[in-house]
Amino acid sequence: MTNFRKEILSILLITFLSVTAISQTQKDGNTESDVKVEKKKRTKKKKKKKYKLPDIDLSHWKVTLPVTNEKGKPYEIEPPEILGFANIEVAKPYMYIDSTRGAIVFHAMPTNSKTANTKYTRSELREQMEPGSNNKNWTFEDGASMKGVLRMGETTRDSNGKYHRTIIMQIHGRLTNAQRDLIGEDDNNAPPILKIYWDNGKVRVKTKVLKNLNASDEELLHEDAWGDDEGFNFEQEVGFRKFALEVKVSKGKMVVILNGNEYKVYEDIHMRRWGIFENYFKAGNYFQSRDEGAYSKIEYYELEVSH
């Protein structure tokens, strides 16, 4: 009887040890499988590069580049060719897409590519209400607005350590053919009523004022009838950060808005009398230096015009 009990206890002990070993093996096996699954999941979660595109429709813009064409004049690309600017070899160094930031970059530096009546060069858009033509433009009475989101990407410094400045937006005046012929000019060029600068980290606005408030309508068509105002600096410092600019014009009035909360309003006799001119918007990088080795890069994320 004692031997029988011993045999029973031995069988139970062996059975218990076997079950425990199998359970442990299964547990260890499951752990290894879980680790493999987790590793696979982590492998699948590798981040993909994100590509961004700027929110800009170029179908009503042409661009002037800081490089000359075969006639020795600034190279221009008009609609519809400008829509494929990213694939145009001559444009690639001066107007290109930064897909990591989602911006069009306008790169300008001193070259021999200068437009009439200026010593500076540009990588700058010119509005064309009628794509491919400069002949259709607008007046203050018609009303117009331009909105942009942009940033100074890079710029060099002058010999005094001050950043080189550039014009980032403009409203340029234009003579009608009849006005041109009336004053005997050989082109339709008129002064810019608005220049907006990136100036050492600030946004600076310049406009035109009549030298003689009693000038006749014919007299004020001449460029020398207009002088420069003292200029205005917005209080906010934009530096190398993104900022929003908006320009609104209506009869006798022009408003410039920075980041939606700081305004400069022009509503006076100079604005009222400017109503005689046609106008068009410009945006980009009109670089204001001839220093050797100088350059700047302006990034545009958004640009919209309405009339």
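The values are calculated or read from the model by the stated rules, or taken from the named source; none is laboratory data. These numbers come from a predicted model, not from an experiment. Ideal geometry is used to build each Cβ from the backbone, glycine not excepted, and the neighbour counts take in all protein chains shown. Accessible surface areas use protein heavy atoms only, side chains included; no ligands, DNA or RNA. Shrake-Rupley method; radii C 1.70, N 1.55, O 1.52, S 1.80 Å.
Normalised by the number of residues in the stretch 64-203, the mean separation of alpha-carbon contacts (under 8 Å, six or more apart) gives a relative contact order of 17 percent.
Across the stretch 202-307, C-alpha contacts under 8 Å between residues 6 or more apart give a mean separation that, scaled by the residue count, equals a relative contact order of 19 percent. From largest to smallest, the equivalent ellipsoid semi-axes obtained for the stretch 170-307 from the alpha-carbon gyration tensor read 28, 18, 14 Å.
Across the accessible surface of the stretch 159-268, with the other protein chains kept in place and a 1.4 Å probe, carbon and sulfur atoms take up 40 percent. Extension gain for E230 to A215 (0.36 nm times residue separation, less C-alpha to C-alpha distance): 3.3 nm. In the full protein context, the stretch 153-307 carries 47 Å² of accessible surface per residue, based on a 1.4 Å probe and ignoring ligands, DNA and RNA. Specify the inter-centroid distance of the stretch 86-106 and the stretch 226-250, based on alpha-carbon positions, in whole Å. Computed from Cα coordinates, the inter-centre distance equals 25 Å. Peptide packing for 261-267, 152-158 was compared via the average number of neighbouring C-beta atoms within 10 Å per residue; ordered from the highest value, the list is 152-158, 261-267.
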